[in-house]
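To keep things clear, I will list the structure first and then write my remarks on it.
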Amino acid sequence: MRNGWYTDGEKLSEDLPYTFNTSDWLPTQGVTDTLPIVAWFPPVFYHFNVVANPPEGGEVMESGVFIYGAPMTLGAIPNDNYVFRNWTFEGAEFSDNPLWEGNSTFFLARSTCIGCTEFTIVGNFDLDVPDTITVNLRAEPPEGGEVSGGGKFSKGSSTTISAVPNSGYEFSGWYFDPCGSPFSDSQTLTLSNLQVDWALFASFHKPF
């Protein structure tokens, strides 16, 4: 049934206001009869899109279409190496609980977009940075030289790493990937403000 004025299931008009002549109904209703008129207002549907930030941070639910006052449940499950931070709506935090239960009215009352029917709710995730950072160093080939400065460190601290070639070898550079570009060609290097684990190898070669 669409919005409008009805009587006994028959649609009279969609006009606001609606004006009618009672004499049109007297032949069938009678002078003393009651004419039942109903104003029908269909519910407004609101679409809520729930997204993860960053997308690789985890899984979020539930997106969907809801009427005014309908119950809603939001859930967030972080992926490996991430932790859930909070829920935000139109840039404002409203909960730091990964499981939130409420209703659509909660968001409609807080929205600055009057008349909008589509909204976005964001589940925010952060990298789960451990308190202890590991710096793993190795020489390639092992007989090519010695490396130092690796180990376990407090998050946010620094370490100075160095590579010293053995006799008959020269230092080529620090690498993350044997097939990649060098991270640095300095034999001595300071890694500052450690936030994630490091795995580097010092490459040595025999000069021609």
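The values are calculated or read from the model by the stated rules, or taken from the named source; none is laboratory data. This structure is a prediction, so every number in the text was calculated from the model and none was measured. Heads up, the Cβs are rebuilt from the backbone with ideal geometry, glycines too, and the neighbour counts pull from every protein chain shown.
Here are the numbers for the structure shown:
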{"quantity": "Matching strands (runs of 3 or more DSSP E) fully within region 5-60 where at least 1 residues are at pLDDT below 75 and basic (Lys, Arg)", "calculated": "10-13"}
{"quantity": "Test: Val65 is touching a residue at least 12 places away in the same chain (Cβ under 8 Å), aliphatic (A, V, I, L, M) and part of a strand (DSSP E or B)", "calculated": "yes"}
{"quantity": "Region 122-153, subset under 30 Å from the mean Cα position of the chain (by Cα) and not in a strand (DSSP E or B), residue modelled with the highest pLDDT", "calculated": "Asp128"}
{"quantity": "Tally, over region 154-182, of residues that are at pLDDT below 95, of a type outside the set (Gly, Ala, Ser) and within 30 Å of Val83 (Cα to Cα)", "calculated": "3"}
{"quantity": "Residue in region 104-121 that is assigned to a loop (DSSP other than H, G, I, E, B) and within 30 Å of Ser192 (Cα to Cα) present", "calculated": "no"}
{"quantity": "Candidate set: region 99-142, residues that are free of Cβ contacts under 8 Å to residues at least 40 places away in the same chain and among the aliphatic types (A, V, I, L, M); chosen: the one surrounded by the most Cβ atoms within 10 Å (Cβ to Cβ)", "calculated": "Leu99"}
{"quantity": "Count of residues meeting criterion [more than 12 Å from Leu99 (Cβ to Cβ) and of a type in the set (Val, Ile, Thr)] in region 61-87", "calculated": "3"}
{"quantity": "Some residue of region 179-201 being touching a residue at least 40 places away in the same chain (Cβ under 8 Å) and within 11 Å of Ala139 (Cα to Cα)", "calculated": "yes"}
